[in-house]
Structure formats: C-alpha cells, structure tokens
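The values are calculated or read from the model by the stated rules, or taken from the named source; none is laboratory data. Since we're looking at a predicted model, the values are computed, not measured. Here Cβ is always computed from backbone atoms with ideal geometry, including for glycine, and neighbour counts include all displayed protein chains.
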Amino acid sequence: MSDLERLSTTSWERSDRLFLEMGKLDRTADGFRLSGTALYRGRGGPTSATYLVETDAARRSRSVRVELDEPSGPRTLALHAADDGRWHSAEGTLDLAFPCDDVDLAFTPATNALAIRRLGLTVGSEATARVLWIQVPSFGLRAVEQAYLRIDRDTYRYKGRYGSYKLTVDANGMVLDYPGGGWRSVAHKLSHRMP
C-alpha cells in the first residue's frame, strides 16, 4: 500500500448562503486523514478555510490544523492530542471538561465522518462521541458530547449542541446530505470502501 490511499472525495454547497467546499478522506500508513478547503462569505467578507485532521489506527483524532484566511488576514489553529484524549496547543494543555477522541469543525459537514467511522455502529445501534468542537472564525474550543444513531446503511441521526439532524453518508462515512445544517453534496467520488 502506498503512503496515501484516497477513499472518498466530496464537494458540498449550502442552501442558505454562499459556500463551496471540497473534502477528502485518505488512508495513511498510520491511520486516516480528513482534509479540505471551504470558500464562503464570512462575517468580514470572502473567506477560505483549509483543514487537516489526522487519526491514529484506532480512528481517534490526534491532530487538527485549520488555516483561516479572512479580509483582515490569515490565522492558524494547530492542536494535537495525547493517547489519553487530552488536547494540547503550542502553549500547553487545553482546559476542556473531558478528553475527546473526535474533532468537529463547525463550518464543515466533513468532520461528522470522524465520529461515524470511529464508532462503527451497526444498524439500529447508537453511541455518544466525546468531541473537541471548534468554532470558526473565533477558534473557540469546547468539549461536547454528540449522539449518533444508525438508522440504516446510509443514514444516521445526529444530535449535537445545536439540534438533531438526519445525515446521509457514503460507505466511508462522508456526509452527502445534511439538510438541517444546509449542506448537500454536489459532486462525490467513492474510490474505496471503508477498511
């Protein structure tokens, strides 16, 4: 196997505002990588947000990097997690309510795939994920719990901080339709099924 194997590529748009994004899920030698770029109209004007989340072999998120470019200038957030799920920045350990195995970037549907893949639910089962929730553009950080119920092969009920939504996903957990959040896939390619 090469160092990087593409599993899924998806492009999304939003129904409620100007927003385009391309996200990719890859298998690496040590785990998985979720990356992408979103272009949208932010509060200050045209904005781009590039992200990279890397997991270990157990599918636990272990690093996240977000590069935000707004009219006021660029900013970067870079965090990593220890094996115990405690997250750290260059300044030290984050003061979170509990350890987190997943990351949720508030501006993208892509990061729902992280918990969906790690939980590995069978149809009819549900579980709660402890998630590092990252607000953009403020880079506010919070440990939150998010519940996932697998309704059928391609559908999950997600309950998070701001409501409950039905998600349609591909065979690798990448979100294709997120009506409550306003996102829908406009282009999708499944290269390989979830290992």
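Return the pair list, or none, for Cβ contacts closer than 7 Å from residues in segment 9-32 that are touching a residue at least 24 places away in the same chain (Cβ under 8 Å) and within 17 Å of Asp170 (Cα to Cα) to residues that are acidic (Asp, Glu) and surrounded by 13 or more Cβ atoms within 10 Å (Cβ to Cβ), at least 6 apart or on different chains.
Ser11/Glu21; Trp12/Glu21; Arg27/Glu5; Phe32/Asp26
Going residue by residue through segment 174-185, is there one that turns out to be farther than 12 Å from Trp12 by Cβ, within 15 Å of the chain's Cα centre (by Cα) and of a type outside the set (Asp, Glu)?
No, there is no match, as no residue in segment 174-185 is farther than 12 Å from Trp12 by Cβ, within 15 Å of the chain's Cα centre (by Cα) and of a type outside the set (Asp, Glu).
Is it true that Ser8 is under 16 Å from Pro109 (Cβ atoms), among the polar types (S, T, N, Q) and in contact with a strand residue (DSSP E or B) (Cβ under 7 Å, 6 or more places away or on another chain)?
Working: under 16 Å from Pro109 (Cβ atoms): yes; among the polar types (S, T, N, Q): yes; in contact with a strand residue (DSSP E or B) (Cβ under 7 Å, 6 or more places away or on another chain): yes.
Yes.
Can you tell which of Ile134, Ile116 is at pLDDT 95 or above, surrounded by 15 or more Cβ atoms within 10 Å (Cβ to Cβ) and under 21 Å from Asp26 (Cα atoms)?
Ile116
Of everything in segment 1-21, what is farther than 15 Å from Ala113 by Cβ and crowded, with 17+ Cβ neighbours inside 10 Å? Give them in sequence order.
Correct list: Arg14, Phe19.
How about segment 1-75: which strands (runs of 3 or more DSSP E) wholly inside it have at least 2 residues that are modelled with pLDDT of 95 or more, among the aliphatic types (A, V, I, L, M) and within 29 Å of His192 (Cβ to Cβ)?
The qualifying strands (runs of 3 or more DSSP E) are 19-28, 32-42, 45-55, 61-70.
Going by what's in this entry, would Thr128 be described as within 28 Å of Arg193 (Cβ to Cβ), among the β-branched types (Val, Ile, Thr) and in contact (Cβ under 8 Å) with a residue 60 or more places away in the chain? If you could, list the steps in order and put the result at the bottom.
Numbers: within 28 Å of Arg193 (Cβ to Cβ): yes; among the β-branched types (Val, Ile, Thr): yes; in contact (Cβ under 8 Å) with a residue 60 or more places away in the chain: no.
Criteria not met by Thr128.
Please give the number of the condition Asp84 fails out of (1) over 14 Å from the mean Cα position of the chain (by Cα); (2) touching a residue at least 24 places away in the same chain (Cβ under 8 Å); (3) not in a strand (DSSP E or B).
(2)
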